[in-house]
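First comes the structure, then the notes that go with it.
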Amino acid sequence: MKLKSLLLATFFAAGLGAAHAAEGELSIGTEGEYPPWSMADAAGNVTGFDADVGNLLCAKLEMKCHFVVQAFDGLIPALKAKRFDIIISGMSITAERKKQINFSVGYAELANMFVVKKDSDLAGIKDIDTLLKALDGRTVGVQAGTTHAHFMEKRASSAVLKTYDTLDQMQIDLASGRVEAAFADASALQDFLARPDGKDFQFVDVKVQSTFDPSLGEGIGVGISQENTELKARIDKALCELIADGSIGKASQTWFKADISRPCK
């Protein structure tokens, strides 16, 4: 976790205390260092797809939003400690996480991919089973507390897993050769590939989706305290309306150049 995020998280947590979704106000926990999902500046201003989703949600609920920046692997503990009311931070809905918190309906769907050097022997692999076997003994970077880390621990236990607090830290190590591959959602890694330090890297042409392994989740949802059933019902209704009217799809086009919204069932 970068110092910037630590300072922001400390500042906001100290000012908030226990959050209870006060009348007309909603506090939203987000990582702030995961472009294009969530990016925070030094003043605590949050932009990105999840910021847009949060603002759309609050407008629909007729509530005022403010964002609380928190390291990703600390989001669930902070929600349980009532430092904010909900989580909107590209968080996949998984059975393991549902043991601790509740989730809204899914509002987005991810494609998870590996990035490697263009001259790597991994670069030409086309199927997931071959790729996972080829990762035996190799160092792979993932972000701590993510479904990507859980997936690698479960499906590629012979790989050497290196975890990071932030995506930036992982990408720095990838560019410097300290890890041979990085695994994250494709939209987040695309930003790295477009930068000068990512010019010698590429995606492995294997999209790893939740249909392949349930540990990758059931889409991206809003994290909510288990006891806050009334708020969950209101958020579910609002999200389904925002998905149906195309608002979330339009926001995702802005950040991903694609509609990654997940239709309500």
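The values are calculated or read from the model by the stated rules, or taken from the named source; none is laboratory data. Since this is a predicted model, take the numbers as computed values, not measurements. Note that each Cβ is placed from the backbone with ideal geometry, even for glycine, and that neighbours are counted across all protein chains shown.
Quick test for you: out of V115, V160, V69, pick the one residue that is in contact with a Lys or Arg (Cβ under 9 Å, 6 or more places away or on another chain), buried (at least 24 other Cβ atoms within 10 Å of the Cβ) and within 27 Å of L193 (Cβ to Cβ). Reasoning before the result, please.
Details: V115 fails: in contact with a Lys or Arg (Cβ under 9 Å, 6 or more places away or on another chain); V160 fails: buried (at least 24 other Cβ atoms within 10 Å of the Cβ).
On inspection, the qualifying residue turns out to be V69.
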statement: Note on the stretch 52-95: residues among the aromatic types (F, W, Y) and either in contact with a helix residue (DSSP H, G or I) (Cβ under 6 Å, 6 or more places away or on another chain) or farther than 12 Å from G32 by Cβ (or both) are F84
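Among residues belonging to the stretch 86-100 that are touching a Gly at 6+ places or on another chain (Cβ under 8 Å) and either among the small types (G, A, S) or over 27 Å from D259 (Cβ atoms) (or both), point out the one that is modelled with the highest pLDDT. Step through it out loud before you land on a result.
The initial filter retains those residues of the stretch 86-100 that are touching a Gly at 6+ places or on another chain (Cβ under 8 Å), namely 86-89, 91-94, 97.
Filter once more, so that each one left must be either among the small types (G, A, S) or over 27 Å from D259 (Cβ atoms) (or both): 89, 92.
Working: S89: 97, S92: 92.
Among them, the one singled out is S89.
Okay, residues lined up against (1) assigned by TED's automatic domain parsing to the domain that holds F72; (2) modelled with pLDDT under 90; (3) out of contact with any Pro (no Cβ under 7 Å at 6 or more places or on another chain); (4) at positive phi:
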{"position": "M170", "(1), (2), (3), (4)": "no, no, yes, no"}
{"position": "S187", "(1), (2), (3), (4)": "no, yes, no, no"}
{"position": "Q190", "(1), (2), (3), (4)": "no, yes, yes, no"}
{"position": "R195", "(1), (2), (3), (4)": "no, no, yes, no"}
{"position": "I224", "(1), (2), (3), (4)": "yes, no, yes, no"}
{"position": "D236", "(1), (2), (3), (4)": "yes, no, yes, no"}
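Filter the stretch 225-245 for residues that are touching a residue at least 12 places away in the same chain (Cβ under 8 Å) and either over 15 Å from L61 (Cα atoms) or of a type in the set (G, A, S) (or both) and give the result.
We begin by selecting, within the stretch 225-245, every residue touching a residue at least 12 places away in the same chain (Cβ under 8 Å); these are 225-226, 228-229, 231-232, 234-236, 238-244.
Once the filter is applied, which keeps residues that are touching a residue at least 12 places away in the same chain (Cβ under 8 Å) and either over 15 Å from L61 (Cα atoms) or of a type in the set (G, A, S) (or both), the stretch 225-245 yields S225, Q226, N228, T229, A238, A244.
What do you reckon, is I93 touching an Asp or Glu at 6+ places or on another chain (Cβ under 7 Å), closer than 21 Å to R234 by Cα and among the β-branched types (V, I, T)?
Values: touching an Asp or Glu at 6+ places or on another chain (Cβ under 7 Å): yes; closer than 21 Å to R234 by Cα: yes; among the β-branched types (V, I, T): yes.
Answer is yes for this residue.
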- request: Select from the stretch 101-135 the residues that are touching a helix residue (DSSP H, G or I) at 6+ places or on another chain (Cβ under 8 Å), without any contact (Cβ under 8 Å) to a residue 40 or more places away in the chain and either at positive phi or not acidic (D, E) (or both) and list them in ascending order.
  value: L132
message: When you scan the stretch 204-222, do you find a residue that is modelled with pLDDT of 95 or more, out of contact with any Cys (no Cβ under 8 Å at 6 or more places or on another chain) and assigned to a helix (DSSP H, G or I), even just one?
response: no
message: Taking the condition of being in a loop (DSSP other than H, G, I, E, B) and under 22 Å from the mean Cα position of the chain (by Cα), how many residues in the stretch 102-120 meet it?
response: 7
task: Of all residues in the stretch 121-157, count the ones that are surrounded by 16 or more Cβ atoms within 10 Å (Cβ to Cβ) and part of a helix (DSSP H, G or I).
output: 11
